[in-house]
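One structure is given below, encoded as structure tokens.
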Amino acid sequence: MVTAPELEIAVLVLGMVILMFEAFTTKIDKKILALAAIAGLALVLIASFFVAPSQPPEQAIGFWSFYTADSLSIFFKQFALLTTILVLIMMIDYAPVVRRSFPGSSPQAGLGEFFAVPIFTCAGLMYMASAIDFIFIFVSLELVAISFYVLVSFTRRNPATLEAGVKYLVLSALSTAFFVYGITWLFGATGETNLQRITVALADPSIGHGAALFGMVLVLIALGFKIAAVPFQIWVPDVYQGAPTPVTAYLSVGSKAAGFVVLLRVLQPFLPKCNACSFSSRYSH
């Protein structure tokens, strides 16, 4: 039986192997690397169906206080793997456009990295699906964001691509600042970063709920950018238009799905309190 963390480890190892082959086998057809990446991700996708969903212990410490392998996370891992496979297939067809973006270089310059970076993006998306601690959510979000910085501006000879990359970098950095500041407020109010423990802490009447709600608003602003929710979607037209077509597809599907699962998890600590408040206000009259 396969354990859930082994899926991300396999994807990371696959990405590093692809990069090593790209660096030391200069004469190989780079499309072979893309096909190898597709085959490797397909094997991980098949293995994901043999992962038994499990919940971490309530008092888990160390890594398991950051990570969960419930059925929701496994589904989104499979979705991220399938999306990345389809994007790599699109990238193989997009390879001639990438070649034209590196004039004067070798005929296959840049292709190896173009096929390898989405693998690390996939690992970040899979970690986001299992993250149940704000620290781990932040790390996985940044792994995805940094990968997309590279992918969006990959065809750097195109002015529209450079514009898209700069806009995505600046606005994503701004949303990251909101996210970190929101985590700070939540930690200051509850003393916890684990989502399950924040739920327990918010049940304490002595907790400063105003500070926690303010921190949650900041976190929602950051996640609103990640999923392009109104009114934080103003970056979408320029970035989608300037980015390479496969990257646009990846941004509009893979990153949005992972953003939604993170949104579901970070809202969970506040839902019981809200439900209790609405119940008490309904029947107090």
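The values are calculated or read from the model by the stated rules, or taken from the named source; none is laboratory data. Source: prediction; values computed, not measured. We place every Cβ from the backbone using ideal geometry, glycine too, and count neighbours over all the protein chains shown. These area figures cover heavy atoms from the full protein model, side chains too; ligands, DNA and RNA do not enter into them. Shrake-Rupley method; radii C 1.70, N 1.55, O 1.52, S 1.80 Å.
Among the conditions (1) without any contact (Cβ under 8 Å) to a residue 24 or more places away in the chain; (2) part of a loop (DSSP other than H, G, I, E, B); (3) not β-branched (Val, Ile, Thr), ARG156 misses just one, which is (1).
How many residues are of a type in the set (Ser, Thr, Tyr) and under 19 Å from the mean Cα position of the chain (by Cα) when one looks only at the stretch 156-174? Quick ask: steps written out before the conclusion?
Filtering the stretch 156-174 for residues of a type in the set (Ser, Thr, Tyr) gives 161, 168, 172.
Subsequent filtering for residues that are under 19 Å from the mean Cα position of the chain (by Cα) retains 168, 172.
Residues flagged as of a type in the set (Ser, Thr, Tyr) and under 19 Å from the mean Cα position of the chain (by Cα) within the stretch 156-174 amount to 2.
Suppose we filter LEU143, LEU162, LEU151, LEU125 for residues that are in a helix (DSSP H, G or I), farther than 22 Å from VAL17 by Cα and either open to solvent by 10 Å² or more (accessible area, probe 1.4 Å) or in contact (Cβ under 8 Å) with a residue 40 or more places away in the chain (or both); which single one remains? After applying the criteria, what remains is LEU162.
Contact annotation: residue pairs with Cβ atoms under 7 Å, 6 or more positions apart or on different chains, pairing a residue in the stretch 227-238 that is over 12 Å from LEU251 (Cα atoms) with a partner that is acidic (Asp, Glu), are ASP238/GLU163. For the stretch 226-244, a residue qualifies if it is buried (at least 21 other Cβ atoms within 10 Å of the Cβ) and in a helix (DSSP H, G or I), and the qualifying residues are LYS226, VAL239, GLY242. The conditions of being open to solvent by less than 40 Å² (accessible area, probe 1.4 Å) and not in a helix (DSSP H, G or I) are not met by ALA189.
Yes/no per residue for (1) in a helix (DSSP H, G or I); (2) at pLDDT 80 or above; (3) under 30 Å from ARG157 (Cα atoms); (4) among the small types (Gly, Ala, Ser):
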position	(1), (2), (3), (4)
ALA39	yes, yes, no, yes
PRO56	no, no, no, no
LYS77	yes, yes, no, no
THR83	yes, yes, yes, no
VAL87	yes, yes, yes, no
ILE92	yes, yes, yes, no
ALA109	no, no, yes, yes
PHE114	yes, yes, yes, no
VAL117	yes, yes, yes, no
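Across the stretch 168-183, not a single residue is classified as of a type in the set (Val, Ile, Thr) and buried (at least 23 other Cβ atoms within 10 Å of the Cβ).
Summed over the stretch 1-39, residues that are of a type in the set (A, V, I, L, M), surrounded by 16 or more Cβ atoms within 10 Å (Cβ to Cβ) and in contact (Cβ under 8 Å) with a residue 60 or more places away in the chain total 10.
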